[in-house]
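The values are calculated or read from the model by the stated rules, or taken from the named source; none is laboratory data. Source: prediction; values computed, not measured. For the accessible areas, the whole protein counts, side chains as well, though only heavy atoms, and no ligand, DNA or RNA atoms are used. Shrake-Rupley method; radii C 1.70, N 1.55, O 1.52, S 1.80 Å.
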Amino acid sequence: TTAARVIACDVRADRLTTLERELGIRVSADPTSADVVVLAVKPQQMSEALAAWRPKQTGKELVISIAAGIPTSRIERELGGRPRVVRVMPNTPALVGAGASALCRGAYATEDDLACAEFIMRAVGIVVRVDESLMDAVTALSGSGPAYVFHLAEALMAAGEAQGLDAATARELTVQTIWGAARLLRESGRNAAELREQVTSPGGTTAAALAVFRERGLMEIYREAVAAATRRGRELAASGAASSHQGPK
């Protein structure tokens, strides 16, 4: 796909100017139709965006939504007719081509629609298919997951500095360790437990650190954290669905 085949719509004129200049794509201040329409708006702006685009739709478009917490049924209802909707949950590492996206289809989307959405999202990382009932769990794991890793990085860097390393060295070692461990996990074909055991000598330094994690219940903390994020995703989706019924049809 050439840049000239891509059209970006945004209410901010300055944003459109930047996109046109930096990416060489076409831009428009008003909603327009295309073979594939990507809804990349904040969840609270979805109803407004759909209302603006609804008169422009032809009914032949594939609609891809990357708005967190918005079910395909709501998009279908607000657009009317039988729109082909695919819902995607990407994450921020997509900005560097290392994203993880999960997708599911709505009531009217086809297998070809899923394949098309996968092709698009693979440009920025890996893609998996899930049932829509699992999208809140996906959001909690991989959608919010980069923040968990960044939090871990903060903790490791601070811990390294507490043991006498300067900030630059602690950062360099932390970033490379996280990146290298993730790459080893992906490329070795081994599971995480096997790799952990491989670097844990009985009575050694790693064993001493892991003992603290076990004593403090780190595994349970992770489970509770992801469960809490999943519950919050469901709450936000439910509140969004409720508010979408309160306005005029």
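Some points to look at:
- Per residue accessible area in Å² of the range 176-229, where ligands, DNA and RNA are left out and the probe is 1.4 Å: 80
- Residue 127 long-range amide H proximity, modeled H, under 5 Å: 101
- The range 26-101: equivalent-ellipsoid semi-axes (sqrt of 5 x gyration tensor eigenvalues, Cα, Å): 21, 15, 12
- Between the range 174-234 and the range 100-128, the Cα center-to-center distance that results, in Å: 29
- Distant-in-sequence amide H partners of residue 84 (H built 1.01 Å from N, under 5 Å): 63
- Amide H contacts of residue 6 (H built 1.01 Å from N, under 5 Å, at least 5 apart or other chain): 26
- Antiparallel bridges, percent of DSSP beta bridges restricted to the chain (to nearest 5): 20
- Three-way shape label, the range 1-139, alpha-carbon gyration tensor, a/c 1.5: oblate
- Solvent-accessible area assigned to carbon and sulfur over the range 59-208 amounts to 60 percent, based on a 1.4 Å probe.
- In the context of the full set of protein chains, residues of the range 70-160 present 49 Å² of accessible surface per residue (probe radius 1.4 Å, heavy atoms only).
- Of all DSSP beta bridges in the range 1-135, antiparallel share, percent nearest 5: 20
- Among beta bridges identified by DSSP and lying wholly in the range 81-208, the antiparallel ones come to about 45 percent.
- Three principal axis extents describe the C-alpha atoms of the chain; from largest down they are 68, 39, 32 Å.
- Computed on the range 1-59, with alpha-carbon pairs under 8 angstrom and 6+ residues apart, the relative contact order is 30 percent.
- Computed 3J(HN,Hα) for the range 130-142, one whole-Hz value per residue from the Karplus formula 6.51 cos²θ - 1.76 cosθ + 1.60 where θ = phi - 60°, is 9, 6, 4, 5, 9, 5, 5, 5, 4, 4, 5, 8, 8, glycine and proline marked x.
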